[in-house]
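A quick write-up on the structure given underneath.
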Amino acid sequence: HQALWSTELSGEKTFGCPLLHNGLLYTWGHKGGLSVVDATTGAIAYEQRLDPGDGRAMSSPILVGDAVVLGTLGGRLAAVRAGRTFELLGTVDREPMRSTPVFAHGRLYVRGLDRLWAVGVSGTLAP
């Protein structure tokens, strides 16, 4: 099969799976670089570096309402509004984690090194 497109991103390694939502792919680089790419054309909508706290980003981005949630090894969770322009909705620091959070039934489940967290979320994950 022939490749439809190829796009060079910020140069960071990416360990998690991309998130596809409304025609955009969200990738989360290990140094905190968020790349948002048009899934049809491969054109970069934007690239933005977020402060990963004291950890690297290895989890996959997830969708919570109209927010893309990103986690780091150091326990920082960041939420950005889904779309073609960057808007940081907020960050929160929890304990270190090595897994991708899960959202279901109005709750964000986060597996830390020592605990499992359930955080209530309504609509948008905002500060």
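Cβ-Cβ distances below 6 Å connect the following pairs, each with a first residue in the stretch 39-65 that is closer than 15 Å to E87 by Cα, a second residue that is of a type outside the set (D, E) and exposed (fewer than 15 other Cβ atoms within 10 Å of the Cβ), and a separation of six or more residues or different chains: A45/R84; Y46/F86; Q48/F86; G65/G123; G65/T124. All conditions in (1) surrounded by fewer than 17 Cβ atoms within 10 Å (Cβ to Cβ); (2) aliphatic (A, V, I, L, M); (3) within 13 Å of V64 (Cα to Cα) hold for A118, with the sole exception of (3).
Can you find, within the stretch 95-122, the residue that is nearest to the chain's Cα centre (by Cα) among those that are among the small types (G, A, S) and farther than 19 Å from P52 by Cβ? Across the stretch 95-122, the extreme among qualifying residues is A104. In the stretch 87-114, the residues that are more than 16 Å from W28 (Cβ to Cβ) form Cβ pairs under 7 Å with partners that are open to solvent by 50 Å² or more (accessible area, probe 1.4 Å) and hydroxyl-bearing (S, T, Y), at six or more places apart or across chains, as follows: G106/S122. Looking across the stretch 1-33, the residues that are among the aliphatic types (A, V, I, L, M) and at pLDDT 95 or above come down to L19, L20, L24, L25. Does the stretch 50-79 hold any residues that are out of contact with any Pro (no Cβ under 9 Å at 6 or more places or on another chain) and at negative phi, and which are they? Answer for the stretch 50-79, where residues must be out of contact with any Pro (no Cβ under 9 Å at 6 or more places or on another chain) and at negative phi: L50, D51, P52, R56, A57, M58, L63, D66, A67.
Of all residues in the stretch 1-8, none satisfies being closer than 13 Å to A57 by Cβ and either open to solvent by 60 Å² or more (accessible area, probe 1.4 Å) or free of Cβ contacts under 8 Å to residues at least 12 places away in the same chain (or both). Every test in (1) modelled with pLDDT of 90 or more; (2) surrounded by 20 or more Cβ atoms within 10 Å (Cβ to Cβ) is passed by D66 save one, and that test is (2). Annotation: of all residues in the stretch 13-59 being acidic (D, E) and under 23 Å from V110 (Cβ atoms), the one that is least open to solvent (accessible area, probe 1.4 Å) is D51.
The values are calculated or read from the model by the stated rules, or taken from the named source; none is laboratory data. Just so it is clear, the model here is predicted, and its values are computed rather than measured. Because the Cβ atoms are built from the backbone with ideal geometry, glycine has one as well, and the counts that use them run over all protein chains shown. Surface accessibility is based on the protein's heavy atoms, side chains included, excluding ligands, DNA and RNA. Shrake-Rupley method; radii C 1.70, N 1.55, O 1.52, S 1.80 Å.
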